[in-house]
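In what follows, a structure is listed as structure tokens, so that the remarks can point back to it.
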Amino acid sequence: MTPVELAEGVRSNVARALVGMDSPVELLLVALLSEGHVLMEDVPGVGKTSLARALARSLDTPFSRIQFTPDLLPSDITGSYYFQQRASEWVFRSGPIFAGVLLADEINRAAPRTQSALLEAMQERQVTIEGETRVLPRPFIVMATQNPVELEGTFPLPEAQLDRFALQVSIGYPSEEHELEILLAHGAAGEPDLDAVATTAEVLEAVAVARSVTVERDVAGYIAALVRSTRNHTAVELGASPRAGLSLYRSAQSLAALRGREYVLPDDVKELAVPALAHRLVLDQEARLRGRRAPEVLAELLGRLEVPVEV
């Protein structure tokens with residue numbers, strides 16, 4: 001299955017359950033094909049959890065959902081050993097992290113110790129339990145949700161955790177037309193059941209195609225220049241890491257593949273700059289007091305950089 005066919009199938013399938021989600025769905029597919037992870041941060045009730053669940057149902061891969069709470073333990077995520085009396089031996093019971101699609105709902109409600117249980121899994125696609133390393137399945141994507149307006153009982157994600165998310169996605173409130181469609185379509189019946197439109201093998205095939213998309217040297221240089229410029233901006237205390245640059249590179253490949261191209265354009269990089277980099281930047285105190293935000297800083301940097309053109 002080509003990335004374009006995968007995108008068409010997933011979009012039409014998700015549209016049966018959710019209205020006006022084309023842009024967020026495309027970003028989730030970008031993360032899926034680049035084997036990255038997604039942080040969905042938005043106000044309650046706009047469909048973050050429903051979108052993650054709809055994508056998971058569209059793929060014929062194992063799906064797990066973890067409701068993050070303050071009393072959640074790392075072993076509740078990764079799994080643990082228990083003593084089986086009949087066999088007189090310790091047996092491993094795998095946790096929900098052993099899935100193709102993992103929905104970490106309200107991730108910032110768990111304590112930092114529990115949040116850190118995801119670090120190794122998100123970066124290396126493996127978990128180490130009692131000194132034994134266990135490899136996670138492919139594809140493996142974490143879709144985490146968090147509420148940006150409710151602070152009581154939450155633990156802000158540390159920079160090391162944020163840097164593991166390839167993209168941050170915001171859904172926003174629906175338009176007037178879409179809100180009416182939501183009421184008419186789901187007011188009485190609720191969300192329909194969705195069938196899978198792509199197998200695991202087909203997803204991995206699309207991933208391989210995306211990885212083969214050409215990134216010319218000048219476009220790669222454009223990505224590197226953008227990432228490096230975030231470290232020198234006067235309003236930025238902590239700029240983007242090399243991991244961020246690699247994530248943006250792979251995401252641009254995936255976006256090009258989803259749109260049926262075999263090469264990356266500078267416009268792909270521009271379009272993904274905010275979703276890929278904004279959540280990774282830490283602005284200094286003065287900038288925050290003045291109300292500056294990371295997307296504004298990135299827009300300023302993109303305006304300064306020379307865009308490579310084909311000769």
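Couple of notes before you dig in:
- Of the residues Pro158, Pro148, Pro139, the single one that is of a type outside the set (Phe, Trp, Tyr), touching a helix residue (DSSP H, G or I) at 6+ places or on another chain (Cβ under 8 Å) and loosely packed, with under 14 Cβ neighbours inside 10 Å is Pro158.
- Any hit, the stretch 253-271, residues being on the phi > 0 side of the Ramachandran plot and surrounded by fewer than 18 Cβ atoms within 10 Å (Cβ to Cβ): yes
- In the stretch 57-72, the residues that are among the β-branched types (Val, Ile, Thr) form Cβ pairs under 6 Å with partners that are in a strand (DSSP E or B), at six or more places apart or across chains, as follows: Thr61/Val101; Ile66/Ala104.
- Scanning the stretch 114-147 for residues that are of a type in the set (A, V, I, L, M) and part of a loop (DSSP other than H, G, I, E, B) gives a single hit, Leu136.
- If you go through the stretch 56-112 and keep only what is of a type in the set (Lys, Arg) and within 24 Å of Arg138 (Cα to Cα), you end up with Arg57, Arg65, Arg93.
- Residue tally, condition in contact (Cβ under 8 Å) with a residue 12 or more places away in the chain and out of contact with any Pro (no Cβ under 8 Å at 6 or more places or on another chain), over the stretch 13-28: 8
- Filtered by the rule that a residue be without any contact (Cβ under 8 Å) to a residue 12 or more places away in the chain and of a type in the set (Asp, Glu), the stretch 213-269 gives a lone residue, Asp267.
- Any hit, the stretch 165-183, residues being surrounded by 14 or more Cβ atoms within 10 Å (Cβ to Cβ), touching a Leu at 6+ places or on another chain (Cβ under 9 Å) and hydroxyl-bearing (Ser, Thr, Tyr): no
- Identity of the residue in the stretch 9-19, more than 11 Å from Ala198 (Cα to Cα) and outside any loop (DSSP other than H, G, I, E, B), that ends up modelled with the lowest pLDDT: Ala15
- The set of residues from the stretch 84-104 being among the polar types (S, T, N, Q), more than 14 Å from Val135 (Cβ to Cβ) and surrounded by 11 or more Cβ atoms within 10 Å (Cβ to Cβ) comprises just one member, Gln84.
- Of everything in the stretch 34-74 that is hydroxyl-bearing (Ser, Thr, Tyr) and part of a loop (DSSP other than H, G, I, E, B), the residue that is nearest to Pro96 (Cα to Cα) is Thr61.
- Residue in the stretch 5-22 that is under 15 Å from the mean Cα position of the chain (by Cα) and within 30 Å of Arg134 (Cβ to Cβ) present: no
- The set of residues in the stretch 76-96 that are polar (S, T, N, Q) and either within 23 Å of the chain's Cα centre (by Cα) or in a strand (DSSP E or B) (or both) comprises Thr78, Ser80, Gln84, Ser94.
Here is a yes/no grid of residues against (1) at positive phi; (2) touching a Leu at 6+ places or on another chain (Cβ under 7 Å); (3) outside the structural domain of Arg243 (by TED's automatic domain parsing); (4) buried (at least 17 other Cβ atoms within 10 Å of the Cβ):
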residue	(1), (2), (3), (4)
Ala15	no, no, yes, no
Ala31	no, yes, yes, yes
Val38	no, yes, yes, yes
Glu41	no, no, yes, yes
Gly47	yes, yes, yes, yes
Ala54	no, yes, yes, yes
Ser58	no, yes, yes, yes
Thr61	no, no, yes, yes
Tyr82	no, no, yes, no
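- Among (1) assigned to a helix (DSSP H, G or I); (2) closer than 25 Å to Leu6 by Cβ; (3) in contact with a Pro (Cβ under 9 Å, 6 or more places away or on another chain), the one test that Gly221 misses: (2)
The values are calculated or read from the model by the stated rules, or taken from the named source; none is laboratory data. What you are looking at is a predicted structure, and each value in this text was computed from that prediction instead of being measured. Methodologically, a virtual Cβ is constructed for each residue, glycine included, from the backbone with ideal geometry; neighbour enumeration extends over all protein chains shown.
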